[in-house]
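**Q** Quick one: the structure is below, and I'll ask about it shortly.
The values are calculated or read from the model by the stated rules, or taken from the named source; none is laboratory data. Remember, predicted model here, so these are calculated numbers, not experimental data. Note: ideal-geometry Cβ built from the backbone for every residue, glycine included; neighbour counts use all protein chains shown.
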């Protein structure tokens, strides 16, 4: 059943008509608070006056990696782990060595 629900969510995300908004929150190792969202076509996280954005990797696995760019020149990747059908947790790793722990979904 869990696989069916996860597959249904991924299938919906792949459809252009779906508009699922998944909230993201977290804190980086320098104390910066981050907020943001995932949709089927993009994700953004913002904190400390910086906006980072990218396209989500909508893989069927429990763990997925998403590359991003920030408006201050940094790049990085977010490694997310789906812990339930409505969300999960992750780690954001910035190109300058900073990182953040995040949660997403409900």
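**Q** Looking only at residues in region 73-89 that are in a strand (DSSP E or B) and touching a residue at least 60 places away in the same chain (Cβ under 8 Å), which one is nearest to residue 32 (Cα to Cα)?
**A** It comes out as 87.
**Q** Sort out which residues of region 26-45 are surrounded by 14 or more Cβ atoms within 10 Å (Cβ to Cβ) and farther than 17 Å from residue 64 by Cα, and write them in order of number.
**A** If the condition is that a residue be surrounded by 14 or more Cβ atoms within 10 Å (Cβ to Cβ) and farther than 17 Å from residue 64 by Cα, then 26, 28, 32, 34, 36 are the ones that fit.
**Q** Of (1) touching a helix residue (DSSP H, G or I) at 6+ places or on another chain (Cβ under 9 Å); (2) within 16 Å of residue 24 (Cα to Cα); (3) exposed (fewer than 13 other Cβ atoms within 10 Å of the Cβ), residue 85 satisfies all except one. Which?
**A** So residue 85 meets the others, but not (3).
**Q** Oh, and also: Looking at residue 63 and the list (1) surrounded by 12 or more Cβ atoms within 10 Å (Cβ to Cβ); (2) at pLDDT below 95, which single condition is not satisfied?
**A** For residue 63, the failing item is (1).
**Q** If you don't mind, another one. Any idea which residue in region 26-54 is modelled with the lowest pLDDT, counting only those that are under 10 Å from the mean Cα position of the chain (by Cα) and part of a strand (DSSP E or B)?
**A** Filtering first and then ranking leaves 38.
**Q** Give region 90-106 a look and list any residue that's surrounded by fewer than 19 Cβ atoms within 10 Å (Cβ to Cβ), in a strand (DSSP E or B) and more than 13 Å from the chain's Cα centre (by Cα), or say none.
**A** Passing the criteria: only 99.
**Q** If you don't mind, another one. Check residue 57 against each of (1) under 19 Å from residue 27 (Cα atoms); (2) part of a loop (DSSP other than H, G, I, E, B); (3) touching a strand residue (DSSP E or B) at 6+ places or on another chain (Cβ under 8 Å) and name the one condition it does not meet.
**A** The one condition residue 57 does not meet is (1).
**Q** Quick one: how many residues across region 9-25 are surrounded by 17 or more Cβ atoms within 10 Å (Cβ to Cβ) and at pLDDT 95 or above?
**A** 1
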